[in-house]
1. Taking 0.36 nm per residue of sequence separation and subtracting the Cα-Cα distance, how much length would be gained by fully extending the chain between Glu112 and Glu126, in nm to one decimal?
2. Using 30 Å as the Cα-Cα cut-off, could you pick out the over-long pairs in Lys52/Lys98; Lys118/Lys169; Lys44/Lys118; Lys120/Lys180?
3. Near Lys100, which aspartates and glutamates are there with a Cα under 14 Å away, not counting those fewer than 8 places off in the same chain?
4. If I take R0 = 30 Å and measure r between the Cβ atoms of Trp79 and Glu40 in this structure, what FRET efficiency does the formula 1/(1 + (r/R0)^6) give, to the nearest 0.05?
5. How high is the relative contact order of the stretch 52-180? Use alpha-carbon pairs under 8 Å, at least six apart in sequence, and give a whole percent.
Amino acid sequence: MNIIILVIIILLIIPKTRVAFQIFLHRGWSYINQSSLIAEEERKTIDYTDWKLISEDGNTINFEDTSGEVVFINLWATWCPPCIAEMPSLQLLYDDYKDKVSFLFITSDNFERVQNFKTKNDYTFETHRIISGSQKEFRTSSIPRTFVINKNGEIVIDESGAIDWNSSKIRAQLDELLAK
């Protein structure tokens, strides 16, 4: 038992193995940490204020344009181990729902760094940065943070930490939201 603890401590101390080990732990945790819908009486309705994003391609998106749609918002960073851990499942979900759900992957990283990260990992989702305004409902002190908004503008999922977003449970939840 002491040897196992010593190995874990060494893995966490050595910079090259620390991040890989953290990603491994968060990916394992993502299979346990499941998302759930917020009870209807506890849902917050968002205010579609003047909140503007810019995509890595230079396109400006006004958040008001997503009104009436199912919206999937993921706040993340390229340097964040739990964010990196959940990215493969997010890419798989995006691949299957990109034509049905508005995905907003939002980061404060510069787009060159994001593009390098995406290229290295074969990710195809579009990334955004905030250029003006603020949504009080989405303020957070930790990432990753993910919100799903239904067609009525209610936050129906609000999750922190790494999640397996490609699970059958999440897909069923999205299918239900899209059918309404």
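Please treat every number below as a calculation from the coordinates, not as lab data. Small disclaimer: the values here were computed from a predicted structure and weren't measured. For neighbour counting, all protein chains shown are included, and Cβ atoms are generated from backbone atoms with ideal geometry for every residue, glycine included.
1. Values: separation 14, 0.36 × 14 = 5.04 nm, distance 1.30 nm.
Length difference between fully extended and current span is 3.7 nm.
2. On the way: Lys52/Lys98 20 Å; Lys118/Lys169 26 Å; Lys44/Lys118 32 Å; Lys120/Lys180 37 Å.
Going by Cα-Cα distance, Lys44/Lys118; Lys120/Lys180 fall outside the 30 Å limit.
3. Those aspartates and glutamates meeting the cut-off are Glu69, Asp175, Glu176.
4. On the way: r = 37 Å, r/R0 = 1.22.
Efficiency, from the Cβ-Cβ distance: 0.25.
5. On the way: 195 pairs, mean separation 46.1, N = 129.
Contact order relative to length: 36 percent.
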